[in-house]
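Participant: To start, I am sharing the structure in question, which I have written as structure tokens.
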Amino acid sequence: MYTLLTHPNSLFGQFDRLQRELDEFLSSGLPSSIRSVASGTQPQINVGRTPQSVEVYAFAPGLDASKIEVTLDRGVLRLAGERVQAASSNERQRFYARERATGRFDRTVSLPDDIDPDQVKASYRDGVLLVSIARREAEQPKRIAIQ
């Protein structure tokens, strides 16, 4: 049975999601300068980083890649576009469940300061948008000679 208490957009569903995200954050033990909005927003994303790059994966099957907007401005990555509802062969069809979100989406991710905005690659394959942003080499402390 489906109740409002278990619905992801209900108050209790939001508290449950917040608790899971907080537990995940605290268990990682690694502070991060990467920020994004809470899960449940479409399309869903994964953000990670390697020593060489920051990788953003957006799970967006069924979209036309030419209609997805990817911009990077002052350390903020923006993914925007629109998922249109598939045309139904029967206009009088009634839906009892509709889990695939339709309409405009706009996701933003705040990135760390060490990214190189001139080295960004984006690809869309099998419903997954991958945006890879290169990171600058870490500057080493400069030793200053005392005279």
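Participant: I'd like the full set of residues that are of a type outside the set (Gly, Ala, Ser) and at pLDDT 90 or above, limited to the range 62-101.
Facilitator: Ile68, Glu69, Val70, Thr71, Leu72, Asp73, Arg74, Val76, Leu77, Arg78, Leu79
Participant: Let me ask something else about it. Tell me, which residue of the range 98-111 that is more than 23 Å from Ser66 (Cβ to Cβ) and free of Cβ contacts under 8 Å to residues at least 60 places away in the same chain is surrounded by the most Cβ atoms within 10 Å (Cβ to Cβ)?
Facilitator: Step one: list which residues in the range 98-111 are more than 23 Å from Ser66 (Cβ to Cβ), which gives 98-99, 110-111.
From what is left, the residues that are free of Cβ contacts under 8 Å to residues at least 60 places away in the same chain are 98-99.
On the way: Arg98: 8, Glu99: 5.
Per the criteria, the residue is Arg98.
Participant: Does Asp118 satisfy the condition of being charged (D, E, K, R), farther than 27 Å from Gly13 by Cβ and modelled with pLDDT of 90 or more?
Facilitator: Against the criterion (charged (D, E, K, R), farther than 27 Å from Gly13 by Cβ and modelled with pLDDT of 90 or more), Asp118 qualifies.
Participant: Is the range 29-42 home to any residue that is at pLDDT 75 or above and either under 19 Å from the mean Cα position of the chain (by Cα) or of a type outside the set (S, T, N, Q) (or both)?
Facilitator: yes
Participant: Within the range 43-97, considering only strands (runs of 3 or more DSSP E) that don't extend past its boundaries, which have at least 3 residues that are in contact (Cβ under 8 Å) with a residue 24 or more places away in the chain and closer than 25 Å to Ile115 by Cα?
Facilitator: 44-49, 53-59, 76-83
Participant: Touching a residue at least 12 places away in the same chain (Cβ under 8 Å), touching a strand residue (DSSP E or B) at 6+ places or on another chain (Cβ under 6 Å), within 23 Å of Arg135 (Cβ to Cβ) and not in a strand (DSSP E or B) - does that describe any residue in the range 112-122?
Facilitator: Yes: the range 112-122 contains one or more residues that are touching a residue at least 12 places away in the same chain (Cβ under 8 Å), touching a strand residue (DSSP E or B) at 6+ places or on another chain (Cβ under 6 Å), within 23 Å of Arg135 (Cβ to Cβ) and not in a strand (DSSP E or B).
Participant: Does Val109 qualify as being part of a strand (DSSP E or B), within 16 Å of the chain's Cα centre (by Cα), over 19 Å from Leu63 (Cα atoms) and of a type outside the set (Asp, Glu)?
Facilitator: yes
Participant: Select, from Ala138, Ala134, the only residue that is in a loop (DSSP other than H, G, I, E, B) and over 24 Å from Asp64 (Cβ atoms).
Facilitator: Ala138
The values are calculated or read from the model by the stated rules, or taken from the named source; none is laboratory data. A quick note: this is a predicted structure, and the numbers were derived from the prediction, not measured. Cβ atoms come from the backbone with ideal geometry, glycine included; neighbour counts cover every protein chain shown.
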